[in-house]
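The values are calculated or read from the model by the stated rules, or taken from the named source; none is laboratory data. This is a predicted model, so every value here is computed, not measured. Cβ sites come from the backbone with ideal geometry, for glycine too, and all protein chains shown count toward neighbours.
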Amino acid sequence: SLYSNLIVTGGNSLIVGFTDRLNHDLAQNCPSTIKIRVSNPNYSTSTERRFGAWIGGSIVSSLGTFQQLWISKGEYEESGKSIVDRKCP
């Protein structure tokens, strides 16, 4: 279940009590039959947690296949938002 494998990352993972609050709020708003487990990646440094999205994005953008997903301004102006569905299925 998705609810039993939630991981808090990024800058919010540095907020004291955020993980507990999220766990509590989900428990209050989900059916009692759903198992909820929210964890905080204590194994990473605050710098990694703070900049994780940027680091991940930089890794993905360095992959050779990533350029095939780029959408130019001209492509977007010509096709609108449907270009996203065509290039990023």
Any residue in segment 75-89 that is under 18 Å from THR65 (Cα atoms) and free of Cβ contacts under 8 Å to residues at least 60 places away in the same chain sitting within a Cβ distance under 9 Å of a residue that is assigned to a helix (DSSP H, G or I) and of a type in the set (A, V, I, L, M, F, W, C)? List the pairs, counting only those 6 or more apart or interchain. LYS87/LEU69; CYS88/LEU69
Let me confirm something: among GLY52, GLY56, which residue is among the small types (Gly, Ala, Ser) and in contact (Cβ under 8 Å) with a residue 24 or more places away in the chain? GLY52
If we keep just the residues of segment 51-61 that are of a type in the set (A, V, I, L, M, F, W, C) and under 10 Å from THR9 (Cα atoms), which is modelled with the highest pLDDT? PHE51
Please work out which residue is farthest from VAL16 (Cα to Cα), limiting yourself to segment 51-89 and to residues that are aliphatic (A, V, I, L, M) and assigned to a helix (DSSP H, G or I). ILE83
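Return yes or no: is VAL60 touching a Phe, Trp or Tyr at 6+ places or on another chain (Cβ under 9 Å), of a type in the set (Val, Ile, Thr) and surrounded by 12 or more Cβ atoms within 10 Å (Cβ to Cβ)?
Against the criterion (touching a Phe, Trp or Tyr at 6+ places or on another chain (Cβ under 9 Å), of a type in the set (Val, Ile, Thr) and surrounded by 12 or more Cβ atoms within 10 Å (Cβ to Cβ)), VAL60 does not qualify.
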What are the pairs with Cβ atoms under 6 angstrom where one residue, in segment 11-26, is under 13 Å from ARG37 (Cα atoms) and the other, located anywhere, is modelled with pLDDT of 90 or more? Sequence gap at least six, or different chains. THR19/VAL38; LEU22/VAL38; ASN23/VAL38; LEU26/ILE36
Here the residues within segment 16-50 that are in a loop (DSSP other than H, G, I, E, B), surrounded by 12 or more Cβ atoms within 10 Å (Cβ to Cβ) and modelled with pLDDT of 90 or more are CYS30, ILE34, ILE36, ARG37
